[in-house]
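The values are calculated or read from the model by the stated rules, or taken from the named source; none is laboratory data. Predicted model only: the values in this text are computed from it and were never measured. Note that we place each Cβ from the backbone using ideal geometry, even for glycine, and neighbour counts take in every protein chain shown.
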Amino acid sequence: MKTLESYLCGRFVAGTGDGETIVNPATEEPLARVSADGLDRAAALRFARERGGPALRALTFAERGALLKAACDAIVAHRNELLDLAVANGGNTRSDAKFDVDGATFTLSAYAELGAALGATKVIADGDSIPLARSPRFAGQHVRVPRQGVAVHVNAFNFPAWGLAEKAACALLAGVPVVTKPASSSALVAHRIVQILVEKQVLPEGALQLLCGGAGDLLEHLGPQDVVAFTGSAATGMKIRRLESVIRHSVRVNVEADSLNAAVLGPDVEPGTDTWDLFVKDVVRDMTQKAGQKCTAIRRVLVPLAQVDRVREELCDRLSGIVVGNPALDNVRMGPVATAQQLADVREGIDALARDGRLVYGVADLKPAGVPEGKGYFVAPVLIELEHGAEGRTVHEREVFGPCSTLVPYAGTAAEAAELVARGQGGLVSSVYSDDTAFVQDAVLGLAPYHGRLFLGSAKIAEHSPGPGTVLPLLVHGGPGRAGGGEELGGPRGLEFYTQRVALEGARPVLDRIAGRS
Ligand code: NAP
């Protein structure tokens with residue numbers, strides 16, 4: 001069986017030991033083995049700092065942007081192969097796989113364009129020059145320069161392509177080399193992407209390294225110029241924050257963790273209108289796309305009491321049309337969850353949610369299409385409903401990372417919606433569907449402090465919208481509290497994590513020169 005090698009210190013290298021078997025989650029057929037035992041992670045970090053960092057920092061933003069464009073083109077040239085791998089290893093339908101792989105190239109190309117726009121400079125001016133004395137010659141200027149360490153990227157299993165690319169695009173454009181670590185269970189796509197980039201010699205040596213397998217002692221060797229960007233469970237995020245190396249060296253840590261994203265239907269929205277249809281479509285898409293394993297998926301569906309019956313009816317009707325099975329088949333709309341452990345966690349989570357309310361949609365005897373009897377990590381879509389006013393502790397506190405959402409009736413005021421959503425203690429994205437501007441404004445003021453992004457669905461954007469579940473490179477991704485407190489992407493904002501802001505005081509002509517104004 002194929003062994004996934006890591007790419008460290010300029011060569012592909014296999015770990016020792018038996019490691020872990022990576023399987024197709026629809027058929028449980030083994031695909032590859034992965035082990036990082038015995039690999040010298042400290043040497044990889046040194047290689048990044050000593051070889052990759054100087055090579056990247058020698059380039060301007062425009063030149064680094066050109067590298068991202070070349071990386072994007074190389075991946076696009078292998079798109080079909082990567083989609084096939086994502087279907088086999090990720091349980092993705094072809095449409096799910098495109099969401100991941102095309103999301104990766106879209107993000108790389110957005111940051112390539114940003115590099116071109118920043119131009120032939122190595123320093124980012126942060127604001128205007130600031131007069132510091134009566135004389136106009138003495139001034140202050142904030143600038144941003146690349147950190148001289150390594151960016152360690154630890155990714156979750158659900159977006160092996162996009163997760164790698166969205167983090168690497170920001171770090172590489174900022175001038176910081178990357179060691180990327182995909183989740184072991186779905187590492188095939190990330191591994192192939194790095195192989196492609198190495199084959200095409202797209203990046204300078206040491207700019208991008210890959211660790212396939214467990215993190216081991218990787219993060220214990222971090223130093224004061226290094227950063228860690230982590231996506232995954234809150235529990236692992238907490239472990240990383242507590243590491244001695246992180247605390248001792250004040251290592252910057254960005255955590256993207258759990259999120260109980262909510263969709264709020266406004267009281268003005270009538271069945272059959274564009275806004276209503278957008279809302280129903282987005283809820284069903286988020287429940288079923290990637291089998292609900294999206295950090296941005298709608299978990300809580302807030303519906304005014306007067307509309308609950310109709311919303312339930314429409315959601316159940318649409319969910320009953322979802323064909324669950326082997327995602328390699330064209331007619332299948334939803335594949336399995338990623339691993340046996342995920343299946344156990346999702347089933348247990350659904351039971352816990354159902355104890356808060358009642359199950360209003362589920363399939364008792366699921367027979368996934370095109371799958372050998374008894375094989376695969378399948379779970380049917382599940383809709384649960386709370387009573388109005390019920391405490392719903394699990395609903396508001398536990399992220400069940402699968403095809404499951406809960407209807408939460410509310411009385412129809414923005415204040416009640418905001419109070420219910422805030423019980424999630426911080427999320428990545430929530431959405432408000434309404435054509436009543438006053439309601440939207442009140443809801444935004446209530447929801448905004450708890451989120452990194454708010455999606456405002458209305459009739460005016462219904463035709464153009466990819467929905468709240470799609471992370472866009474020019475908008476920030478992350479959220480406070482439970483969501484990890486992190487922030488990624490957001491166009492130029494995405495570079496901040498990888499750069500050091502420094503305040504310069506001196507003669508204005510010198511500052512202008514450094515800031516690239518003359
Ligand atoms: P996880 O178990 O925390 O694993 C995430 C990553 O961390 C994997 O690469 C894993 O490697 C690695 N890891 C595990 N223990 C580690 C340690 N002690 N030190 C360093 N790295 C370690 O999470 P998951 O089950 O893969 O992902 C599901 C969770 O991710 C969900 O809760 C979801 O909400 C969250 N998520 C959030 C976002 C976001 O953007 N906010 C996006 C996607 C997913 P191995 O695979 O080798 O164990």
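A compact table of results
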| item | result |
| --- | --- |
| Subset of region 386-427 (residues that are crowded, with 24+ Cβ neighbours inside 10 Å and either in contact with a Lys or Arg (Cβ under 6 Å, 6 or more places away or on another chain) or at pLDDT below 95 (or both)) | 405, 406, 408 |
| Failed criterion for residue 225 (all others in (1) polar (S, T, N, Q); (2) in contact (Cβ under 8 Å) with a residue 60 or more places away in the chain; (3) crowded, with 24+ Cβ neighbours inside 10 Å hold) | (3) |
| Residue match in region 202-212 (condition: surrounded by 15 or more Cβ atoms within 10 Å (Cβ to Cβ) and either over 26 Å from residue 4 (Cβ atoms) or near the ligand (Cβ under 7 Å from one of its atoms) (or both)) | no |
| Residues satisfying the stated conditions in region 322-374, i.e. of a type in the set (D, E, K, R), under 28 Å from the mean Cα position of the chain (by Cα) and surrounded by fewer than 14 Cβ atoms within 10 Å (Cβ to Cβ) | 330, 348, 351 |
| Which numbered condition residue 128 fails, given (1) in contact with a strand residue (DSSP E or B) (Cβ under 9 Å, 6 or more places away or on another chain); (2) touching a residue at least 40 places away in the same chain (Cβ under 8 Å) | (2) |
| Residue 93 touching a helix residue (DSSP H, G or I) at 6+ places or on another chain (Cβ under 6 Å) and at pLDDT 95 or above | no |
| Region 255-274, residues that are over 16 Å from residue 298 (Cα atoms) and in contact with a Lys or Arg (Cβ under 9 Å, 6 or more places away or on another chain) | 255, 271, 274 |
| Tabulated pairs, region 173-190, first touching a residue at least 12 places away in the same chain (Cβ under 8 Å) and under 19 Å from residue 494 (Cα atoms), second among the hydrophobic types (A, V, I, L, M, F, W, C) and near the ligand (Cβ under 8 Å from one of its atoms), C-beta under 8 angstrom, 6+ apart or interchain | 179/218 |
| All helices (runs of 4 or more DSSP H) inside region 235-321 with 1 or more residues being surrounded by fewer than 16 Cβ atoms within 10 Å (Cβ to Cβ), within 16 Å of the ligand (Cβ to nearest atom) and within 26 Å of the chain's Cα centre (by Cα) | 244-248 |
| Within region 88-105, tally of residues that are free of Cβ contacts under 8 Å to residues at least 60 places away in the same chain and basic (Lys, Arg) | 1 |
| Cross-chain or 6+ apart pairs with Cβ under 7 Å, region 338-351 first and touching a residue at least 40 places away in the same chain (Cβ under 8 Å) and within 12 Å of the ligand (Cβ to nearest atom), then in a helix (DSSP H, G or I) and hydroxyl-bearing (Ser, Thr, Tyr) | 338/185; 338/186; 339/185 |
